[in-house]
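The values are calculated or read from the model by the stated rules, or taken from the named source; none is laboratory data. Because the structure is a prediction, the values reported are computed rather than measured. Note: ideal-geometry Cβ built from the backbone for every residue, glycine included; neighbour counts use all protein chains shown. The protein model used for the area step is the full one, side chains on, heavy atoms only, and it has no ligands, DNA or RNA in it. Shrake-Rupley method; radii C 1.70, N 1.55, O 1.52, S 1.80 Å.
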Amino acid sequence: MTMGYLVLETGDVFTGNWIGADTDISGELVFNTSMTGYQEMVTDPSYTGQILTFTYPLIGNYGWQKNDAESNQIQASAVIMNELCKEPNHAGAKSTFEDELVRQGIPGLEGVDTREIVMQIRRHGTVTAVLTKNPELVKPESLKKPPKDGRYVKQAAEVDHTSYDSADGPHIVLLDFGHKHSILNALLQQDAAVTVVPFDTPANEIHRLAPDGIVLSNGPGDPMELTPIFSDIKELSLTYPTLGICLGHQVTALAHGAKTKKMKFGHRGGNHPVKDIETGKVWMTSQNHGYEVEFNSINSDDFFFFLKNVNDGTVEGFKHKHLPMIGVQFHPEAHPGPNDTAYIFNQFIDTVNMGGLSLWESMEA
């Protein structure tokens, strides 16, 4: 086994066994608390540019599956885990997790004290780190913060239009900031025709596509890096029924004058309780984000917050008071409940089918 080292900007150093590609890498160090779904996690485009730490102790036990990926490649820059299963036992496995790391050029460490990493992140907040075999060459104080130029969204998003036809359903334009396959699949399961377009597609070009509704996807990075497109997002969301998910939720709020801020260590996992303020119901949600919409920043004449995080009170969803416009911070397509929040897509498509004339209604028992 070759030894590897994770050096944090705090000066802390973690030692483990090197796995995957033979290359040093740096990035923002984050952790996910989910007990399953490691393949979905590493292929989620929202992890672009980040080093992902798994808190669940055993990773790779069901191998690499044919249909579990959320994009066409591993998006995380590197992975950190406590124990790697090198001989998975599952009929659907087409390769091992480590084989995929090597094939796709992704380095990692196993045999690491991941609980201590999580404690360090919770103590200091999200930190920059480097994965290396030569820690003596790394100066922690010189580790650079992630760039603020929108490069990760550009890296994660599709560059061309892609269409998925439907004989009977409405036409939805999915603005791609780095969408998960599950979001597209959730729309297709609603019998919608979907056109996936790059996040920076001009509003006038989207008008020519004649959509019945707009969905803004998840994606990586700071939403304020997308300031140049806010005017187009505002125009589109005032014109068509709109659903924003994760980064899409943040961008929609920002386009209408709200503010966002970086969280201390974010929400990443499949066990985050969210309360519907209107009904009192609590939903279990899957989340992956490091920024939040500030509670007091949105225009209360036109918008109201209807969902909040039970653990820390942060904003999890907003609605427009007069227009069919909604944003949710969590991932309603991710089935953590397993179907707690699938109603978000049902309501969105119902509203689109009614010509956008109905307002959002809360889930009834």
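For the condition small (Gly, Ala, Ser) and touching a Cys at 6+ places or on another chain (Cβ under 8 Å), what is the one hit in Ser163, Ser217, Ser142, Ser182? Spell out the reasoning first.
Details: Ser163 fails: touching a Cys at 6+ places or on another chain (Cβ under 8 Å); Ser142 fails: touching a Cys at 6+ places or on another chain (Cβ under 8 Å); Ser182 fails: touching a Cys at 6+ places or on another chain (Cβ under 8 Å).
Only one candidate qualifies: Ser217.
Within the range 69-76, does at least one residue satisfy the condition of being in a loop (DSSP other than H, G, I, E, B), crowded, with 23+ Cβ neighbours inside 10 Å, in contact (Cβ under 8 Å) with a residue 60 or more places away in the chain and touching a Lys or Arg at 6+ places or on another chain (Cβ under 6 Å)?
Taking the range 69-76 as the starting set, the residues that turn out to be in a loop (DSSP other than H, G, I, E, B) are 69-75.
If we keep only those that are crowded, with 23+ Cβ neighbours inside 10 Å as well, we get 70, 74-75.
Those left that are additionally in contact (Cβ under 8 Å) with a residue 60 or more places away in the chain: 70, 75.
From the residues that got through so far, the ones that are touching a Lys or Arg at 6+ places or on another chain (Cβ under 6 Å) too are 70.
Among the residues of the range 69-76, at least one is in a loop (DSSP other than H, G, I, E, B), crowded, with 23+ Cβ neighbours inside 10 Å, in contact (Cβ under 8 Å) with a residue 60 or more places away in the chain and touching a Lys or Arg at 6+ places or on another chain (Cβ under 6 Å), which makes the answer yes.
If you go through the range 323-333 one residue at a time, do you hit one that is open to solvent by 70 Å² or more (accessible area, probe 1.4 Å), touching a strand residue (DSSP E or B) at 6+ places or on another chain (Cβ under 7 Å) and either free of Cβ contacts under 8 Å to residues at least 40 places away in the same chain or not in a strand (DSSP E or B) (or both)? Reasoning before the result, please.
Going through the range 323-333, the residues open to solvent by 70 Å² or more (accessible area, probe 1.4 Å) turn out to be none.
Checked the range 323-333: no residue is open to solvent by 70 Å² or more (accessible area, probe 1.4 Å), touching a strand residue (DSSP E or B) at 6+ places or on another chain (Cβ under 7 Å) and either free of Cβ contacts under 8 Å to residues at least 40 places away in the same chain or not in a strand (DSSP E or B) (or both).
For the range 18-29, enumerate the residues that are hydrophobic (A, V, I, L, M, F, W, C), surrounded by fewer than 23 Cβ atoms within 10 Å (Cβ to Cβ) and assigned to a strand (DSSP E or B).
As a first pass, look at the range 18-29 and keep what is hydrophobic (A, V, I, L, M, F, W, C): 18-19, 21, 25, 29.
Still in the running and surrounded by fewer than 23 Cβ atoms within 10 Å (Cβ to Cβ): 18, 21, 25.
Scanning the range 18-29 gives Trp18, Ile25.
Scanning for something hydrophobic (A, V, I, L, M, F, W, C) and in contact with a strand residue (DSSP E or B) (Cβ under 6 Å, 6 or more places away or on another chain), does the range 264-273 turn up at least one residue? Spell out the reasoning first.
Initial filter on the range 264-273 (hydrophobic (A, V, I, L, M, F, W, C)): 265.
Still in the list and also in contact with a strand residue (DSSP E or B) (Cβ under 6 Å, 6 or more places away or on another chain): none.
There is no residue in the range 264-273 that is hydrophobic (A, V, I, L, M, F, W, C) and in contact with a strand residue (DSSP E or B) (Cβ under 6 Å, 6 or more places away or on another chain).
Restricting to the range 147-170, give me the number of residues that are closer than 28 Å to Pro228 by Cβ, open to solvent by less than 100 Å² (accessible area, probe 1.4 Å), out of contact with any Pro (no Cβ under 9 Å at 6 or more places or on another chain) and in a loop (DSSP other than H, G, I, E, B).
So the answer is 2.
Can you tell me how many residues within the range 97-117 are over 14 Å from Asp24 (Cα atoms), part of a helix (DSSP H, G or I), out of contact with any helix residue (DSSP H, G or I) (no Cβ under 8 Å at 6 or more places or on another chain) and open to solvent by less than 20 Å² (accessible area, probe 1.4 Å)?
The number of residues fulfilling the criteria is 3.
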